[in-house]
Amino acid sequence: AVPILETRRLRLDELALDDAEFILGLLNEEPFVRYIGDKGVRTPADARRYITTGPVASYGRFGFGLYRVALAADGRPMGICGLLKRDVLEDPDLGFAFLQQYWSKGYAFESASAVLAHARGTLGLARILAITSPDNEPSIGLLGKLGFTFERMARLTEGEPDVKVFASEVPYPPRRGAAPSPRRRARG
C-alpha cells in the first residue's frame, strides 16, 4: 500500500481494522489515559469499533483523520497523528499520541510537521488548532516547536476539565519551506 504521507523515517497510513491490537495497546498506556482520556477501549472488538467510528468515519466525512505512524524501515506502528474535526471547535485540530518507547526521538515532531504541511498545502487549511490537558508539558513543548501559540482555555465536554487550546495560522498560500513537503498518494 502507498502511504498517505511519508517522511525520511516514517510512513503515515489510514488506520484499518488490522490495527486493532496496536490501538488497544496505545489507548491503554498510562500517559494516553492521563493526558488524552480513557476511551473505554478494553478489547480488540472495542478497538475495531474505535477505528471504524473515529478515524475511518473521519476519512469519509472530512478527507482527513488520525493516521497510523510507522517506521518506514520495517512498518512497525508507533503512534497516531493527524487532524480531527470536533463539533465544538471551529477549526480542525492536530492530534498525536505515541507509544512511550518512541518518545523523545523526534517522531512526533516529524509526523506532525508532515501532517501540517499536508493540511496547508493539500487541504488548504490556514488555521489549525491543537488541544492539550493543562499539565501535558511534553505536548505543549512540541506544539511550541511546531509554531502553535496558546489561545484560550475551553471546556469541550460538559463535566470534563478545561483544556488548553492552541492555534497555528499561516498566510495562505503558505510560505515556501515553512514545513516539510509530504508526498501524497493519488486517490483514484
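The values are calculated or read from the model by the stated rules, or taken from the named source; none is laboratory data. This structure is a prediction, so every number in the text was calculated from the model and none was measured. All Cβ positions, even for glycine, are placed from backbone atoms using ideal geometry, and neighbour counts span all protein chains on display. Just the protein is used for accessible areas: all its heavy atoms, side chains included, with ligands, DNA and RNA removed. Shrake-Rupley method; radii C 1.70, N 1.55, O 1.52, S 1.80 Å.
Taking the range 23-76 as the region of interest, how many residues are of a type in the set (Asp, Glu) and closer than 24 Å to Asp135 by Cα?
Of the residues in that region, 3 qualify.
Count, please, the residues in the range 140-149 that happen to be exposed (fewer than 14 other Cβ atoms within 10 Å of the Cβ) and at positive phi.
Of the range 140-149, the ones exposed (fewer than 14 other Cβ atoms within 10 Å of the Cβ) are 141, 144-145, 149.
The next check asks that each one be at positive phi; those that pass are none.
Matching residues across the range 140-149 total 0.
Say whether the condition of being within 26 Å of Arg155 (Cα to Cα), among the small types (Gly, Ala, Ser) and assigned to a loop (DSSP other than H, G, I, E, B) is met by at least one residue in the range 24-37.
Yes, the range 24-37 contains at least one residue that is within 26 Å of Arg155 (Cα to Cα), among the small types (Gly, Ala, Ser) and assigned to a loop (DSSP other than H, G, I, E, B).
Tell me which residues, restricted to the range 60-105, are touching a strand residue (DSSP E or B) at 6+ places or on another chain (Cβ under 9 Å), farther than 18 Å from Leu125 by Cα and among the hydroxyl-bearing types (Ser, Thr, Tyr).
Tyr102
Taking the condition open to solvent by less than 40 Å² (accessible area, probe 1.4 Å), in a helix (DSSP H, G or I), in contact (Cβ under 8 Å) with a residue 24 or more places away in the chain and farther than 26 Å from Lys145 by Cβ, does Tyr59 pass?
yes
Going through the range 13-37 one residue at a time, which ones are farther than 26 Å from Glu137 by Cβ and either surrounded by 13 or more Cβ atoms within 10 Å (Cβ to Cβ) or of a type in the set (Val, Ile, Thr) (or both)?
Asp13, Glu14, Leu15, Ala16, Leu17, Asp19, Ala20, Leu24
Among the candidates Ser104, Ser113, single out the residue that is of a type in the set (Ser, Thr, Tyr) and touching a residue at least 40 places away in the same chain (Cβ under 8 Å). Reasoning before the result, please.
On the way: Ser104 fails: touching a residue at least 40 places away in the same chain (Cβ under 8 Å).
Checking each option against the conditions leaves just Ser113.
Pairs needed: first member in the range 68-92, closer than 17 Å to Met153 by Cα; second member anywhere, of a type in the set (Asp, Glu) and open to solvent by less than 40 Å² (accessible area, probe 1.4 Å); C-beta distance under 9 Å; at least 6 residues apart or different chains.
Arg86/Asp93
Which pairs have Cβ atoms under 7 Å, sit 6 or more apart or on different chains, and link a residue in the range 38-53 that is more than 15 Å from Gly65 (Cβ to Cβ) and open to solvent by less than 50 Å² (accessible area, probe 1.4 Å) to one that is among the charged types (D, E, K, R) and modelled with pLDDT of 95 or more?
From residues that are more than 15 Å from Gly65 (Cβ to Cβ) and open to solvent by less than 50 Å² (accessible area, probe 1.4 Å), the pairs are Gly40/Asp46; Pro44/Glu21.
When residues of the range 111-139 are filtered for being open to solvent by 30 Å² or more (accessible area, probe 1.4 Å), in a helix (DSSP H, G or I) and within 20 Å of Phe98 (Cα to Cα), how many remain?
Of the residues in the range 111-139, 2 are open to solvent by 30 Å² or more (accessible area, probe 1.4 Å), in a helix (DSSP H, G or I) and within 20 Å of Phe98 (Cα to Cα).
Taking the condition of being of a type in the set (D, E, K, R), in contact with a Pro (Cβ under 6 Å, 6 or more places away or on another chain) and closer than 18 Å to Thr53 by Cα, how many residues in the range 1-20 meet it?
1
What is the one condition in (1) among the aromatic types (Phe, Trp, Tyr); (2) under 18 Å from Ala16 (Cα atoms); (3) open to solvent by less than 40 Å² (accessible area, probe 1.4 Å) that Tyr102 does not satisfy?
(2)
Suppose we filter the range 155-172 for residues that are touching an Asp or Glu at 6+ places or on another chain (Cβ under 8 Å), modelled with pLDDT under 95 and not in a loop (DSSP other than H, G, I, E, B); how many remain?
0
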